[in-house]
Amino acid sequence: MNTTVAFIGLGAMGYRMAAHLPKHFDTVYVWNRNFEKAKQHATEYKTQAVELEQAVQADIIFSCLPTSKDVEELIQTVTIKSGAIWIDCTSGVPESAQKLALELALKNVQFLDAPVSGQTIGAENATLTFMVGGSQTAFQIALPAMQAMGKLIKLVGQSGAGFAVKAVNNMMMAVHLCAAAEGFTTLKAHGVNLNEALDCINASSGKSGVTESVLPQRVFNRSFPLTFALPLLAKDTGIAVDLIRQAKLSAPVIGLTQSLIQNASNLAEPNSDFSTAVKMYESWSKITLD
Ligand code: NDP
């Protein structure tokens, strides 16, 4: 395709996501703050490592940074090509998306909040889910570029809606993680074999993504591989709590879960995977989930 595409932020997600773009687009620019990563990406995947000023001259610009604040600060430093579409795959703040969409529209740039789920393995296999907020027109133009990296791609509402869906999704995952940590600690305290219990629960109504993949693949084998950092999950639960406050709702489970995840993140070693949140429970109970 003649459309020029850029990817900004080659972290755990972005590095793998951008790798698929050259299969579908002739010109793919990549930029990363630590520029060595961009050069490495260009060597590995036939992308072009360029300065930020050039990256934002692409027709479609993806970003995937830790927070909306990082994206806002970066956007302030550049002049984006008129007519471009900016697709932000950061798990961000809905209000920030609304603000950026309005500000960029004045410069004839359309903004889509398009966070993803599916973890690094989904990025690697181009099977991510994109939950997109913004205009139908921009969504249709941007769809082929998102399809290069994703499987399920949904326009879920106006600006900010994509970020809202992502925050609520991750909050629900956090609730499941806390519930599973408490539940399996209880079972171990009662002398139950955890692997047999897991099989039963995964064939029963208490199952979740956490019991199906996080416990067996990260916790019970004590591998805790770093693919999604615990502070990023704490950031997402914080966004969900802000959404609840803004809507003046009462959501006690979510409020408590946010405190627990934030506390686990504060206690964790640097560069800890989100699954290490269970270690907080282990330190309280002196029971190891293995
Ligand atoms: P990483 O920490 O692995 O990567 C962050 C990237 O952002 C790096 O390329 C980093 O550059 C860059 N960066 C950080 N701060 C700035 C800044 N101020 N200015 C410019 N670039 C910056 O994060 P992930 O890839 O794991 O996550 C990215 C986003 O995707 C987050 O919002 C996260 O919540 C979300 N997400 C993550 C998933 C996962 O499984 N990891 C799954 C789904 C969503 P440098 O290399 O120079 O440090």
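The values are calculated or read from the model by the stated rules, or taken from the named source; none is laboratory data. Keep in mind that this is a model prediction, so the values were computed, not measured. Cβ atoms come from the backbone with ideal geometry, glycine included; neighbour counts cover every protein chain shown. We work out accessible area using only protein heavy atoms, side chains counted, and drop any ligands, DNA or RNA first. Shrake-Rupley method; radii C 1.70, N 1.55, O 1.52, S 1.80 Å.
Rounded to 0.05, the FRET efficiency of the Val78 and Glu44 pair, given R0 = 25 Å and the Cβ-Cβ distance, is 0.45. The dipole here belongs to the chain: it is taken about the Cα centre, uses +1 on the Cβ of Lys and Arg and -1 on the Cβ of Asp and Glu, and is about 200 debye. Note that the range 164-285 shows a convex hull volume over its alpha carbon atoms of 108 Å³ per residue. Each label was represented as a point 7 Å from its Cα along the Cα-to-Cβ direction; for Gln158 and Asp290 these points are 5.3 nm apart. Computed from Cα atoms, the angle from the helix 252-267 axis to the main principal axis of the chain rounds to 80 degrees.
Using only the Cα atoms of the range 130-205, construct the convex hull and provide its projected area averaged over every direction, in square nanometres to one decimal. In nm², the orientation-averaged hull projection of the range 130-205 is 6.7. Dipole of the chain computed with +1 at Lys/Arg Cβ and -1 at Asp/Glu Cβ about the Cα centre; of His24, Gly92, Thr129, farthest Cα towards the positive end is Thr129. Taking the longest Cα principal axis of the chain as reference, the axis of helix 161-189 is set at about 20 degrees. Between 0 and 90 degrees, the angle of helix 230-246 with respect to the longest Cα principal axis of the chain falls at about 80 degrees.
When nucleic acids and ligands are ignored and a 1.4 Å probe is applied, Val156 ends up with an accessible area of around 60 Å². Among residues other than Ala19 whose Cβ falls under 15 Å from its Cβ, what is the net charge (Lys/Arg +1, Asp/Glu -1)? Local charge sum for Ala19: +3.
Where only DSSP H runs of four or more residues are counted, the chain gives -14500 deg cm²/dmol as its mean residue ellipticity at 222 nm, each run worth -39500 (n - 2.57).
In order along the range 202-208, the Karplus-derived 3J(HN,Hα) couplings, from 6.51 cos²θ - 1.76 cosθ + 1.60 at θ = phi - 60°, round to 6, 9, 9, 6, x, 5, 7 Hz, and Gly and Pro are given as x. Projecting the Cα atoms of Gly191, Val278, Asn170 onto the charge dipole of the chain (Cβ charges, centred on the Cα centre) puts Gly191 farthest toward the positive pole. For the chain, DSSP calls about 15 percent of its internal beta bridges antiparallel.
Electrostatic tally near Asn2: other residues with Cβ closer than 11 Å to its Cβ, Lys and Arg +1, Asp and Glu -1, net -2.
Residues whose amide H comes within less than 5 Å of that of Gly157, counting only those at least five positions distant or on another chain, are Gly134 (H built at 1.01 Å from N in the peptide plane). D by Stokes-Einstein for the chain, Kirkwood Rh over Cα pairs, 37 °C, 0.692 mPa s: 165 µm²/s.
Converting phi to 3J(HN,Hα) with the Karplus coefficients 6.51, -1.76 and 1.60 and the offset θ = phi - 60°, the range 130-135 yields 9, 10, 10, x, x, 7 Hz in sequence order, with x at every glycine or proline.
For the residue pairs Lys166/Lys207; Lys107/Lys248; Lys37/Lys81; Lys69/Lys107, the C-alpha atoms sit more than 30 angstrom apart in Lys107/Lys248. Computed extension gain for Glu182 through Gln136, at 0.36 nm per residue and net of the alpha carbon distance, reaches 12.3 nm. In plain terms, the C-alpha convex hull of the range 1-138 casts an average shadow of 7.4 nm² when viewed from every direction. Note that the range 164-285 presents 50 Å² accessible area per residue, ligands and nucleic acids not counted, probe 1.4 Å. With θ taken as phi - 60° and the Karplus curve 6.51 cos²θ - 1.76 cosθ + 1.60 applied, the whole-hertz 3J(HN,Hα) list for the range 94-101 is x, 4, 5, 4, 5, 5, 5, 4 Hz, x standing for glycine and proline. Of interest is the spacing of the C-alpha centroids, which for the range 1-20 and the range 211-242 amounts to 24 Å.
For Val30, nonlocal amide neighbours, meaning residues 5 or more places apart or on other chains whose placed amide H falls under 5 Å from its own, are Phe7, Gln48, Ala49, Val50. Ligands, DNA and RNA left out, the 1.4 Å accessible surface of the range 52-114 is 54% carbon and sulfur atoms. Close amide H pairs (under 5 Å, H built 1.01 Å from N) link Ala84 with Gln110, residues at least 5 positions away or on another chain. Within the accessible area of the range 164-285, the carbon and sulfur atoms contribute 58%, probe 1.4 Å, all protein chains present.
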